[in-house]
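Rule-based calculations on the coordinates, nothing more; no lab input. In this text the structure is predicted, and so the values were computed from the model without any measurement. Here Cβ is always computed from backbone atoms with ideal geometry, including for glycine, and neighbour counts include all displayed protein chains.
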Amino acid sequence: MRNILIVGATSAIAEAAARRFAASGARFYLVGRNAEKLAAITRDLEIRSGQPVHGESLDLDLLDQHPALLERVEQALGGIDIALIAHGMLPDQEACQRSVAMTLAAIHTNALSAISLATLLANAFEARGRGALVVIGSVAGDRGRRSNYVYGAAKGMVGLFLQGLRNRLSGKDIQIITVKPGFVDTPMTATFEKKGLLWAQPDQIAKGIVAAVEHRRDVVYLPWFWRWIMLVILHIPERVFKNLKTIVINLGLQGGLLLY
Amino acid sequence: MSRGGALPNSWGRYPSVRQRSLTLRQASDPIQTGAEQVLPFGNGRSYGDVCLNDGGTLLLTRGLDRFIAFDPTMGILRAEAGVLLSEILALIVPQGWFLPVTPGTRFVTLGGAVANDVHGKNHHVAGSFGEQVRLFELLRSDGTRLLCGPEQNIEWFRATVGGLGLTGLIAWVEIQLQRIANPWIVVEHRRFANLHEFFALNDDYEARYPYIVSWIDCAAAGRTLGRGLYLAGMHAPPGVVAPAPPLRRSLTVPFTPPVSWVNKLSVHGFNGLYYHLPRPARGLTPYQPFFYPLDNLLEWNRLYGARGFFQYQCVIPPESARDALREILARIAASGQGSMLAVLKRFGARTSGGLLSFPRPGVTLALDFPNLGPTTFALLNRLDEVTRQAGGAVYPAKDARMSGDCFRHYFPRWSIFANFIDPCFSSSFWRRVMTD
């Protein structure tokens, strides 16, 4: 029976991951902003896990609330085995370009808030001598692109931060796992046309998250093929890349054209 | 909610339509309606066009897949409409409960089971799925939420059970489960040489076994017409120690062949073999192969090729059942079309009260036909002549071709039902049976 904290528990990926963790026995503390959605997920997980599920609704942008939140989690669960940080938002890139405030707000939610929690959780794990921290980054964090660099910059910052944290805690029984999903069919991407083979379902990502914890991985691209796509994308020289309006990946099958 | 351009098919892969889709994620959200008519779509296991909405929008309900309440002492379960029966079984069987009624696949949604008022092998004792429903919430496009049950908003309950998703969106459903001692089924097999023997077996077994179904050889003609296999089962009593079940891995039909692999040759060969295959008269089996023999062959509908297939399921009232079934089987055998698995079962007298519910007293026969174009349509129309004259009906959940005239004859309460249709909801099926 593992004690699992999920921050951003109402996200589609987090919900799918929670169900998979519940199947092998888990006690949860769920944190999400929308109380109604959180209540529905809490009831569902209580039935699936056969255990009472703890949780609270909280605006995670309020960084000064984070220490007290973790104290409440410790009290309810008595030590965290796995923490999944899954909250985030996809900002409107063009609106951000016109508004410094929106750009900083997006970076606040997607990067600073995750970094604040990761810092506190890593210290708690270090004091306890064990724990697994899983943070959802994005393939968008691997390279800045004109279509979503505000989101990408925040996710990139989180990735770099976790890399350092992982180095700092290396040699201890503590895992720091960066998950980099590609395109996932979730409410966050509701406005996209979801055609083509590159779109994954939240449960595929959840399966990869559970496997990453079991196999003590450091950085996982989900689904797996994104590792190779990003390898190619990272090796395109900047003077070429900056002029590419779209990189068209033609997978041939299903006429699967996708604009990256 | 999210929009998608994917075009879900029905299980028979016929007809092919153009429609948009909208994924629902929160049972508490209102229905977004625009200029287009909408229709709830669960897991796409209905065969024809009751789950399709040509030119409109499908509300994909699989995202509404949360359990809401489960009382493990009373066996009462409430869940959102997009939960699959397979997910319910995974939760309840280890806790000593079972679905009160289950269709022949567990990959259907709870909402779909209500909207089609599905039935199972225990119809003669338990009735249809709608009879097991204690309560559901019906969400209308105007934002109204109606709690419906056998004692509450009864008229809406009767319209929505078997109502083909047209009365609004079923948001969640509460059902009463049945107690089981273990996941095993005691099974008995008998061969019957003709329909006369089938009816004699029913008279003997129906009082003793809650689960009964028969396979019938629809390729047999002349002296062997109506031969088949009789299968009876019951939940194993407490204390049964069964051997560990063999690990059964699912197979998937990997692609759709251009022409059907189900043809005259394969049907004759398979049916003859299946009839003569030796089987133990009595045994124990896990519940999965007993209730869901085809669920282990994923996407088996692809075997019928790119043109898809039809299923014809009719029910014939008791008084005319023998003659009408003989005539139907003779017409199928003479046509040379027909299927591997034709299924025969006697319904009981119980009814859920659904205005468009299919189950009614009599004998039901279900078979698949690869879509060979006009010859298949002509054969099915010839079968409808017999069904109609015998006072029977055809199952909308499996239909893609019956005439509107036949539908209105089979379901005379359609005109009462029509008053309950949500003004923003429609389906390819409904438009078809209302126009021709």
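Take region A:2-259, compute every pairwise Cα distance, and split them into 5 Å bins from 0; I just need the percent in each bin.
Whole-percent P(r) values from 0 Å outward: 1, 6, 13, 18, 20, 17, 12, 8, 4, 2, 0, 0.
After finding the eigenvalues of the alpha carbon gyration tensor for region B:4-75, what semi-axes result from the square roots of 5 times each, listed largest first in whole Å?
After diagonalising the Cα gyration tensor, the semi-axes are 26, 17, 9 Å.
Helix A:12-23 against the longest principal axis of chain A: what's the angle in degrees, Cα atoms only, rounded to the nearest 10?
Tilt relative to chain A: about 40 degrees.
Over chain B, what per residue volume does the convex hull of the Cα atoms give, in whole Å³?
Convex hull volume per residue, Cα atoms: 138 Å³.
Can you give me the angle between helix A:113-128 and the longest principal axis of chain A, using Cα atoms only, in degrees from 0 to 90, rounded to the nearest 10?
40
Taking only the C-alpha atoms, wrap a convex hull around region B:110-167 and report its volume per residue in Å³ as a whole number.
74
Test of understanding: in a Gaussian network model of chain B with alpha carbons linked when under 10 Å, which of B:Val253, B:Val114, B:Val363 would top the mean-square fluctuation ranking?
Checking each option, the largest mean-square fluctuation is seen for B:Val253.
For region B:253-346, what does the convex hull of the Cα positions come to per residue, in cubic angstrom?
141
List the residues, sorted by chain then number, that are 5 or more residues from A:Ala83 or on another chain and whose placed amide H is less than 5 Å from its amide H.
So A:Ala83 has HN proximity to A:Leu5, A:Ala132, A:Leu133, A:Val134.
In angstroms, what radius of gyration and Dmax does region B:184-401 have, counting Cα atoms only?
In Å, with Rg to one decimal and Dmax whole: 17.8, 55.
Taking chain A as the reference, fit the longest principal axis to its C-alpha atoms, fit the long axis of helix A:202-214 to the helix C-alpha atoms, and give the angle between the two in degrees, 0 to 90, nearest 10.
60
Tell me, how many Å apart are the Cα centres for region B:67-118 and for region B:379-410?
About 30 Å separates the Cα centre of region B:67-118 from the one of region B:379-410.
Residues of region B:10-30 with backbone nitrogen within less than 13 Å of a virtual label 7 Å along the Cα-to-Cβ line of B:Val253, please, listed as ranges.
It comes to B:11-14, nothing else.
In region B:313-343, which residues have a backbone nitrogen under 13 Å from the label point lying 7 Å from B:Gln389's Cα in the Cα-to-Cβ direction?
B:323-331
Taking the Cα centre of the protein assembly as shown as origin, work out the dipole magnitude from +1 charges on Lys and Arg Cβ and -1 charges on Asp and Glu Cβ, in debye rounded to 20.
1640
For region A:96-107, what does the Karplus curve 6.51 cos²θ - 1.76 cosθ + 1.60, with θ = phi - 60°, yield as ³J(HN,Hα) per residue in whole Hz, taken in order and with x for Gly and Pro?
Rounded to whole hertz, the list is 4, 4, 8, 9, 4, 4, 5, 4, 5, 5, 5, 5.
With springs connecting C-alpha atoms under 10 Å apart, model chain B as a Gaussian network and identify which of B:Thr23, B:Thr364, B:Thr57 has the largest mean-square fluctuation.
Fluctuation is largest for B:Thr23.
Output the pairs from A:Lys37/A:Lys207; A:Lys207/B:Lys398; A:Lys180/A:Lys242; A:Lys207/A:Lys242; A:Lys180/A:Lys207 with a Cα-Cα distance over 25 Å in this structure; if there are none, say none.
The pairs that break the limit, which is 25 Å between Cα atoms, are A:Lys207/B:Lys398; A:Lys207/A:Lys242.
Whats the longest run of chain B with zero trypsin sites (Lys or Arg not before Pro) that are DSSP loop and have at most 12 other Cβ atoms within 10 Å?
B:19-207
What list of ³J(HN,Hα) values in whole Hz, one per residue of region B:16-33 in order, does the Karplus curve 6.51 cos²θ - 1.76 cosθ + 1.60 (θ = phi - 60°) give from phi, with Gly and Pro shown as x?
Values per residue, Gly and Pro as x: 9, 10, 10, 7, 9, 9, 9, 7, 8, 10, 10, 5, 8, 6, x, 7, 8, 10 Hz.
How about region A:141-232: which trypsin sites (Lys or Arg not before Pro) there are in a DSSP loop, with at most 10 other Cβ atoms within 10 Å of their Cβ?
Passing both the DSSP loop test and the Cβ count: A:Arg216.
Starting from the Cα of B:Glu319, step 7 Å along the direction of its Cβ; do the same at B:Arg382; then give the gap between the two resulting points in nm.
About 2.8 nm, to one decimal.
Note the direction-averaged projected area, equal to a quarter of the hull surface, for the Cα convex hull of the protein assembly as shown, in nm².
For the protein assembly as shown, averaging the hull's shadow over all directions gives 32.9 nm².
For region B:184-401, what is the charge dipole size about the Cα centre, in debye to the nearest 20, if Lys and Arg each add +1 at the Cβ and Asp and Glu each add -1 at the Cβ?
Taking the Cα centre of region B:184-401 as origin, the dipole is about 260 debye.
Using θ = phi - 60° and the Karplus form 6.51 cos²θ - 1.76 cosθ + 1.60, what ³J(HN,Hα) does each residue of region B:234-241 get, whole Hz, x for Gly and Pro?
So the Karplus estimates, Gly and Pro as x, are 8, 5, 5, x, x, x, 5, 9 Hz.
Please give the residues of region A:129-170, grouped as numeric ranges, whose backbone N is less than 14 Å from a label point set 7 Å along the Cα-to-Cβ vector of A:Ala95.
Label zone hits: A:151.
Assuming R0 = 22 Å, can you tell me the calculated FRET efficiency for the pair B:Ala35 and B:Asn9, based on Cβ-Cβ distance, to the nearest 0.05?
In this case the efficiency is close to 0.35.
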